1. Which numbered condition in (1) assigned to a helix (DSSP H, G or I); (2) within 26 Å of residue A:193 (Cβ to Cβ); (3) within 13 Å of chain A (Cβ to nearest Cβ) is the only one that residue B:147 fails?
2. If residue B:159 satisfies every condition in (1) outside the structural domain of residue B:227 (by TED's automatic domain parsing); (2) surrounded by fewer than 24 Cβ atoms within 10 Å (Cβ to Cβ); (3) under 10 Å from residue B:80 (Cα atoms) but one, which is the exception?
3. Taking residue A:203 as meeting all but one of (1) closer than 15 Å to residue A:100 by Cα; (2) surrounded by 22 or more Cβ atoms within 10 Å (Cβ to Cβ); (3) away from chain B (no Cβ under 13 Å), write down the number of the exception.
4. Taking the residues in region B:31-51 that are within 14 Å of chain A (Cβ to nearest Cβ) and farther than 28 Å from residue B:110 by Cα as candidates, determine which candidate is farthest from the chain's Cα centre (by Cα).
5. Taking residue A:177, is it outside any helix (DSSP H, G or I), within 14 Å of chain B (Cβ to nearest Cβ) and in contact with a helix residue (DSSP H, G or I) (Cβ under 6 Å, 6 or more places away or on another chain)?
6. Whether any residue in region B:47-62 is without any contact (Cβ under 8 Å) to a residue 12 or more places away in the chain and touching a strand residue (DSSP E or B) at 6+ places or on another chain (Cβ under 6 Å) is what I want to check.
7. Looking at residue A:184, is it touching a residue at least 40 places away in the same chain (Cβ under 8 Å), within 14 Å of another protein chain (Cβ to nearest Cβ) and over 18 Å from the mean Cα position of the chain (by Cα)?
8. Looking at (1) closer than 21 Å to residue B:38 by Cβ; (2) within 15 Å of the chain's Cα centre (by Cα); (3) in a helix (DSSP H, G or I), can you tell me which one residue B:160 breaks?
């Protein structure tokens, strides 16, 4: 009938946000990677999967060592890195330049954006035969397809970055006497840098993808060739060496870009 | 340097076609070495007016003129922005040097001038910090140093201290006054704070709510140098009250109208 009687009591305040805390779990990150490799090795040793389908990690490591000693690895790596770096630098530089020009000049924007929108969705691999027709079967067509793949993420990101420039900063620069070129050099270019680096990271992934595709056609060296050739010979361990190499290239290029970003953009908060 | 604002009008055209009159028939003159405060409720177009004087916003009608002696290479105006508008990728020193670069000064003179103004604003030891590593007060010191470094004929200040906390604001106001009382550059100072306007300025130009018009020009009779003690001075209180009387109804209308 009656309401429960109120009683005087002292209630401590507890931290109610505890479940929101996200921990880093540093050890777990390492353990997960190591654990997966160990599990893989155990799977192979138990004999549940034939070595032809899935070679063991230690086997792959041994094969890699042998290839390193024989010099085979260096040949493939050097050939791939040359194409990769050349394509990345050419495509990246062109992409950044086009992105800035299209982002700054309204005429360039009117001309450039429909062209980019029309060509951007084309899977660049589809252009490889055309590039071979134009540039020949040799190195230029390989570098060109990588450059194309890197060009688009950089052009689009740089363009977006140039359009997102804080108008207050542009006004401030003009207030202190900056003309068009000063504004581009001292305001627009530095403010696009974070977007440029996001584009470089995207482009690095695309470059790797196109590298392998390009190296499956009419080449004698390169990681893509290594993978395809090993598959044709049913040399699965060798194939796995190529795949691990690609993974390492991807991870290292990302780390490299992150480190470069820290040097080039020292003003970034946090 | 004297500034003449002659029947200035500014109409913003919005996308759906209807026009907003931000300023209408604004006429006034800033005397050489005068510290003029532009005061008005929010949405009165005072920042628009300052932008027009700086040449950063085209006027729709009327004109703005500068009259007087100008040293060779001296810019007409330099602006201190409400949001500081420092370049995040430039250190405090490099921010101060920006205007000097655009003036085409050689490197050695740039460094020397920047150092002098950095020291003057009490930024010694912080010149290599990036803006995000500085407090709000320090950032605006950089903003002021950057503007003073180019030695403008007229200094424009757009609510320079309104983004700062009350204590920092008071200190910065006093510092600015101390510097100005020595240099006597013509200043046009935008604020929405009556006490601030009366404390700082020689004259307060009161603007009406949108469309911005000049409601009154109120001279401040307080002697210089100004001190904090004057905040209780009967003349200070009377002037502030007079201005409040002028804009009270305007501010109320803005509150109800909800126009920011």
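1. (2)
2. Among (1) outside the structural domain of residue B:227 (by TED's automatic domain parsing); (2) surrounded by fewer than 24 Cβ atoms within 10 Å (Cβ to Cβ); (3) under 10 Å from residue B:80 (Cα atoms), residue B:159 violates only (1).
3. It fails just one condition, (1).
4. B:48
5. For residue A:177, the condition - outside any helix (DSSP H, G or I), within 14 Å of chain B (Cβ to nearest Cβ) and in contact with a helix residue (DSSP H, G or I) (Cβ under 6 Å, 6 or more places away or on another chain) - is met.
6. no
7. Details: touching a residue at least 40 places away in the same chain (Cβ under 8 Å): yes; within 14 Å of another protein chain (Cβ to nearest Cβ): yes; over 18 Å from the mean Cα position of the chain (by Cα): yes.
Here the answer is yes, as residue A:184 does meet what is asked.
8. Answer for residue B:160: the failing condition is (3).
The values are calculated or read from the model by the stated rules, or taken from the named source; none is laboratory data. Just so we're clear, the structure is a prediction, and the values are computed from it rather than from any experiment. Here the Cβ is made from the backbone with ideal geometry for all residues, glycine too, and neighbour counts use every protein chain on show.
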